[in-house]
Amino acid sequence: MKRTGKIVGISGNMVKVECHSFIIQNEVAYIIHGAERLKAEVIKIRGNVAETQVYENTTGLVIGETVEFTDELLSVELGPGLLGQIFDGLQNPLPQLAEKCGFFLKRGVYMDALSDDKEWAFTPILKEGAKVRAGDRLGFVPEKTFKHYIMAPFSLQGDWEIASMSPHGRYDLTKPIARLKAGDGAHRDIFMRQNWPVKIPIEAYVEKLKPHSTLVTKMRLIDSLFPVAVGGTYCIPGPFGAGKTVLQQLTSRHAEVDIVIIAACGERAGEVVETLKTFPMIVDPRTGRALIDRTVIICNTSSMPVAARESSVYTAVTIAEYYRQMGLNVLLLADSTSRWAQAMREMSGRLEEIPGEEAFPAYLESRIASFYERAGVVKLYDGSLGSVTIGGTISPAGGNFEEPVTQATLKVVGAFHGLSRERSDARKYPAIDPLTSWSKYASFIDENKMKAARETLRKSYDIAQMMKVIGEEGTSLADYVDYLKGEFFDSVYLQQNAFDKVDEATTKERQIYILNFIHLNILKQEFIFQDKAAALRFFQRLRQLFRGWNSTQMGTNEFMAIEEELKVAIRERAKELIGKTHA
Amino acid sequence: MHKIYTNIAQIAGDVITVEADGVGYNEIARIETRYGESLAQVIRLDGKNVSLQIFAGSRGVSTGDRVKFMGHPMRVPSGTDLLGRIFNGSGVPLDKGPALSENMIDIGTPSVNPVKRIVPNKMVRTGIPMIDLFNSLVESQKLPIFSIAGEPYNELLARIAIQAEVDIIILGGMGLKHDDYLFFRDILDEQGALSRSIFFIHTAADPTVECLLVPDISLAVAEDFALQGKKVLVLLTDMTNFCDALKEIAITMEQIPSNRGYPGDLYSQLASRYEKAVDFDTAGSITILAVTTMPGDDVTHPVPDNTGYITEGQFYLKNGVIEPFGSLSRLKQQVNGKTRDDHRAIMDTMIQLFASYREALEKRSMGFQMSAWDEKLLKYGRIFEDQMMSLKVNIPLEKALDRGWAILAACFSPEETGIKKSLIEKYWPK
């Protein structure tokens, strides 16, 4: 007997439902409107009235219409077949929706995330009689280039035993692959697909560890100065047009992780389209397969219903945690968390809650914190490690970082990559401001060199500020050279050419080699010049050579030739002869 | 059979509350007052209480007036009969033509499935070098013109509309001055573009609620044409008035304001309109150009700020010209590699040199000495402003590129421009 209720009030996508039975907080309900069934979630209960947020447009709904409650929290389907997919915020596969409904997203049409009839080659790991608990690996199927482990349901409580196990063979998602029994005689069939409520973290692991290794994004400015850790968190706030999305797109291509989940949350559809159309064409150098094969896209763009936007980041992080359970390193890129926070603000306003700063709800900080806390490196039951790294962009109002979303995020993340309008206007890519950004994680670059590089930048900036007042004439030659060193370092190392095949992504080895070269031969080197014009000419020449160097493959003859040319140019001006350049 | 109710319980602002049964959310009603008829839309249902927003305003509404519910959400007529016609924000004719009631379509349709979009790849030529050459407009782009009050933004819109190669032009005017409305009508008529244009006009004197409908109606009609394979250009002026109308209604409805009085869903409201810009994979397209006036030339004001996050760049109109810094077309990379092989080189070089010119100007105004190089830059900047930036210039892209080379040659040696040799050999004026 299904529990049902009646609509008693409608305001925007907030629908009040009266129900004379019990109601579960956050359970899913369906509004029955003629032939349409609209998905909603209970978010507040007062007496026998539940306030629900509807994941669809509410046009045409009428007081008195029936609402069915489902007993289930908002969940995602987990199983083989997620990779390469494009879902909306509620995990409806968009290409299949397009086949069914054409150009538009018709309301009330929901489809299974994973196809029922696709067969997968299953290989069992455990045998009959083996003891299992939630998250234990029962067997695996090949998915793209990965071994996709079929795990005991995360909802399993206590210890169970395998009563029967299917042999090696091809099965679809509707066929049980094992049967478990509990001590009290209860039985449970296990399928390759399982559901998990998105707002609850998956915790089937031994322990959460401290992030220790650097996640290589191949962006020099990030990896060398403001690194991100595998299993860490970082945020990218920036005004519009500063290149947040471009940065995320390049990270999603080059980052050295197993799986990338892209959560396009409340942003332009056009950007998703670009990812959608280009990723199948780009070959991932690590696997030799198309990039789309390691990617899952969750896309709830700005014109799609706002309540689904709120859940889309949870859908994304749950899928990330699922693949983490297989011992993989997963990177979740959320663009943009501000739109997610705004969705919370809209719902909070409709619930008539007392607003906090800028009308954001008072629980904004704790929601943001608990989202980022779902990142981490975990030690799984079999001893292997898996990780979820979360990078979120923030779109602060007016580009001003003193706003609630940025501030709440800064409290919980491990690295901050602040984009600046000045740098992006000056066409500097990436536009991450090296003077205000920070990271708490360790880089593969030697600590002292990192410090020296930061000091050079700081000093150069200070001198540049001073020069604005007293002019070039009033600046000493030594100061002027320090200024040029900083400018040089910024333009040839921190900036990258996103349109150059070699320069767009720099490997760890190359970063170590190049930074070492710059550190010894330029930043720490003392030079002799007759005047400022000579110094300027020298650094301009160096810059031109270096840019050419940046776009040649490491290890080629050309690479070595330019290196030699650079050394010759430096030797002419260096106070002392250069010693060893290799550390 | 429409239900009629006469028990209006409350009137506050332009919102009335009436007791009724079986009314759908967002449904349209017709209300008859002694001053005439108006449409109204359901914006809240609470038990028996139905709150309606009256498009023509609540002035003169009596608690005894009749409210007739129509049983469907807001609809407008669409189709080729609309071409050359002028309507108000509720779809009522403002010209002397007949009212249309055929081919009615719903406004506020669902959003397009992202997988049915294509990556934009067709340039819209405007004859304005600051757009075509430096920030190319692309079919299906959504682009605002950021401007302070008093700049010639409507003239710019009209010019683009006349010159752009599109099938249909739809003008949505919000809070438009009556003269501006006449200006658009006359200039499109003069240039023979009126027969492929449709106007939805809300003037500053009209009720606020009607202002809110203008973008929705304009875009719904545009979408209808686009689905039939037409290239549609939608001009919206001025979106700041639309946002102010949103603010007014939100505050009347006692919603909690978020930033400078604007409602918390301003971003979503703007996005759901701008995101209608689309290039369908097997049909036509919608390109949106919208004016956003910036109060106090402040780009961090909530309206331009939220707009900037949604749109694919912006044209920044200042001192009567399109300012090269601050203007950006995020989609230009999709098209400017396919025009002429010198397009990107000319674009980058001329802008970099222009930036140096601005620095030289600043240096000069601070009293620092001008070097020979600075003098060259000053000369270059003056010519550039006169022959490229001025909105009087009206030449096709190829001519603009040739002119670019001529300007460079008049001021610099080939090496000083930093353009690669192969292009210099091909294009540098002998």
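Rule-based calculations on the coordinates, nothing more; no lab input. The model shown is predicted, which means the values in this text are computed figures rather than measured ones. Reconstructed Cβ throughout: ideal geometry from the backbone, glycine too, with neighbour counts over all protein chains shown.
Brief remarks follow.
- Value of relative contact order over chain B, rounded to a whole percent, pairs C-alpha under 8 Å and six or more apart: 16 percent
- Its DSSP H runs of at least 4 residues, each contributing -39,500 (n - 2.57), put the calculated 222 nm mean residue ellipticity of chain A at -9000 deg cm²/dmol, to the nearest 500.
- Amide N of region B:279-306 lying under 18 Å from the label point, which is placed 7 angstrom from the Cα of B:LEU391 along Cα→Cβ: B:289-298
- Using the Cβ-Cβ distance between A:ASN26 and A:GLN157 with R0 set to 25 Å, the FRET efficiency works out to roughly 0.80.
- Separation in nanometres of the label points that stand 7 Å from Cα toward Cβ, at A:ASP382 and B:GLU362: 5.9 nm
- Secondary structure note: in chain B, about 60% of the DSSP beta bridges are antiparallel.
- Computed E for A:SER115/A:SER476 - FRET, C-beta separation, R0 56 angstrom, nearest 0.05: 0.20
- Rounded to the nearest 20, the Cβ-based charge dipole of the protein assembly as shown about its Cα centre (Lys and Arg +1, Asp and Glu -1) stands at 1940 debye.
- Loop-located chymotrypsin sites (Phe, Trp or Tyr not before Pro) in region A:496-569 whose Cβ has at most 10 other Cβ within 10 Å (DSSP): A:PHE499
- Pairs from B:LYS142/B:LYS177; B:LYS96/B:LYS177; A:LYS147/A:LYS218; A:LYS567/B:LYS430 whose Cα-Cα separation, in the structure shown, is over 28 Å: A:LYS567/B:LYS430
- Degrees between helix A:447-470 axis and first principal axis of chain A (Cα, 0 to 90, nearest 10): 70 degrees
- Amide H contacts of B:LYS318: B:GLU323, each under 5 Å away and 5 or more positions distant or on a separate chain (H built 1.01 Å from N in the peptide plane; Pro and chain starts excluded).
- In degrees, nearest ten, helix A:557-573 long axis to first principal axis of chain A (Cα): 50 degrees
- Farthest positive-ward along region A:249-310 dipole, Cα basis, beta-carbon charges - from A:ALA308, A:ILE282, A:ILE298: A:ILE282
- Between helix A:337-350 and chain A: long-axis angle, C-alpha atoms, 0 to 90°, nearest 10: 40 degrees
- Per-pair calculated FRET efficiency, R0 = 25 Å: A:ASP446 and A:GLU572 via Cβ, rounded to 0.05: 0.35
- Near A:VAL378: Cβ cut-off under 10 Å, other residues only, Lys/Arg at +1 and Asp/Glu at -1. The net charge is 0.
- When each of B:LYS3/B:LYS276; A:LYS451/A:LYS508; A:LYS485/A:LYS575 is checked by Cα-Cα distance, pairs over 26 Å: B:LYS3/B:LYS276
- When peptides A:207-217, B:259-269 are ranked by their average number of other Cβ atoms within 10 Å per residue, the highest-first order is B:259-269, A:207-217.
- For the pair A:ARG537 and B:ASP179, label points projected 7 Å from Cα toward Cβ lie 6.0 nm apart.
- Full extension of the chain between A:ALA464 and A:GLU203 gives 88.8 nm of extra length, using 0.36 nm per residue less the Cα-Cα distance.
- The Cβ shell under 13 Å around B:ARG59 holds other residues with a net charge of -2, Lys and Arg each +1, Asp and Glu each -1.
- Mean ellipticity per residue at 222 nm, deg cm²/dmol - from DSSP H runs of n ≥ 4 across chain B, formula -39500 (n - 2.57): -10500 deg cm²/dmol
- Other residues whose C-beta falls under 12 angstrom from the C-beta of A:ASP284 contribute a net charge of +2, scoring Lys and Arg +1 and Asp and Glu -1.
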